[in-house]
Amino acid sequence: MRVTVEIDQQSMDELRSFAVEGSAEEQVTAAIHELLRIKRQREALDRMHGIGWEGDLEEMRNNWS
């Protein structure tokens, strides 16, 4: 998909300071992929909320032999 966007120079400079080598298009694409990866990771963590671990950690520490 081709999209034209205006990105302020300061944001592009910051992106270029830590992004992978390549064209501005490649850097923006990589940033979008990273944003989506983080979103999926957060959603996975949210689904895990409440699963938890049950047990007595202090008892396990004292009786591990």
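Based on what the data block shows, is A24 of a type in the set (A, V, I, L, M), without any contact (Cβ under 8 Å) to a residue 60 or more places away in the chain and touching a Gly at 6+ places or on another chain (Cβ under 9 Å)? I'd like the intermediate steps shown before the answer.
Values: of a type in the set (A, V, I, L, M): yes; without any contact (Cβ under 8 Å) to a residue 60 or more places away in the chain: yes; touching a Gly at 6+ places or on another chain (Cβ under 9 Å): no.
No; evaluated as a whole, the condition is false for this residue.
Limited to the stretch 26-65, what total is found for residues that are within 30 Å of M1 (Cβ to Cβ) and of a type outside the set (S, T, Y)?
21
Taken together, the values in this text are just the output of simple stated rules run on the coordinates, not laboratory data. Keep in mind it's a predicted model, so treat the numbers as computed, not measured. When we count neighbours, we look across all protein chains shown, and the Cβ atoms used for this are built from the backbone with ideal geometry, even at glycine.
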